[in-house]
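Below is one structure, written out as structure tokens, with a few remarks after it.
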Amino acid sequence: NLLHKYINQGRADADRSHISPRRLARMLLTMPDSLKAEHQHLLDRLIAARPEMTQLAVFIRDFAQLLQPHPDNADALELWITQVRAADLPYLHAFTRGLERDLDAVIAAFTLRYSNGPTEGVNTKTKRIARQMHGRAGFTLLRHRILLG
């Protein structure tokens, strides 16, 4: 795991940081204003410890800004992808390749205020109900469960 590698690289087991890669990832992905002061201080120390972590944190925060739909985000996304490709962060390179595979959809999501989130929510709920019935539900029973639930 990339974060685990950067947190613990070159340290003896006794010296390892007490933060898990998952917790660090969660802290990196949390809005800075939403972090407690001690978590922000810990995150700042961990980011400053490795140049790669500093770059990663900057790229994450820049990408988060793109998640608010705005017409200028298409150009900003292209710039962001170019900057990520110039950095030595192979996992982010893989992420950018994934974005480019469906670039039209990504640009639409970043520039338009419309969302298919409510539709996906209904699909998820339907699948959850079907799983709860262990695949034994026919259409009629599934329809009744959805309408009554």
Out of all the residues in segment 78-98, is one or more of a type in the set (A, V, I, L, M), at pLDDT 95 or above and in contact with a helix residue (DSSP H, G or I) (Cβ under 7 Å, 6 or more places away or on another chain)?
yes
Go through the residues of segment 44-54 one by one and say whether even a single one is on the phi < 0 side of the Ramachandran plot, at pLDDT 90 or above and assigned to a loop (DSSP other than H, G, I, E, B).
no
Counting only residues that are hydrophobic (A, V, I, L, M, F, W, C), out of contact with any His (no Cβ under 8 Å at 6 or more places or on another chain) and closer than 23 Å to residue 44 by Cα, segment 68-105 contains a total of 4
Within segment 35-43, is there a residue that is in a helix (DSSP H, G or I), touching a Ser or Thr at 6+ places or on another chain (Cβ under 9 Å), without any contact (Cβ under 8 Å) to a residue 12 or more places away in the chain and not β-branched (Val, Ile, Thr)?
no
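The values are calculated or read from the model by the stated rules, or taken from the named source; none is laboratory data. Quantities reported herein were computed from a predicted structural model and do not represent experimental measurements. Every residue, glycine as well, gets a Cβ built from its backbone with ideal geometry; the counts of neighbours run over all protein chains shown.
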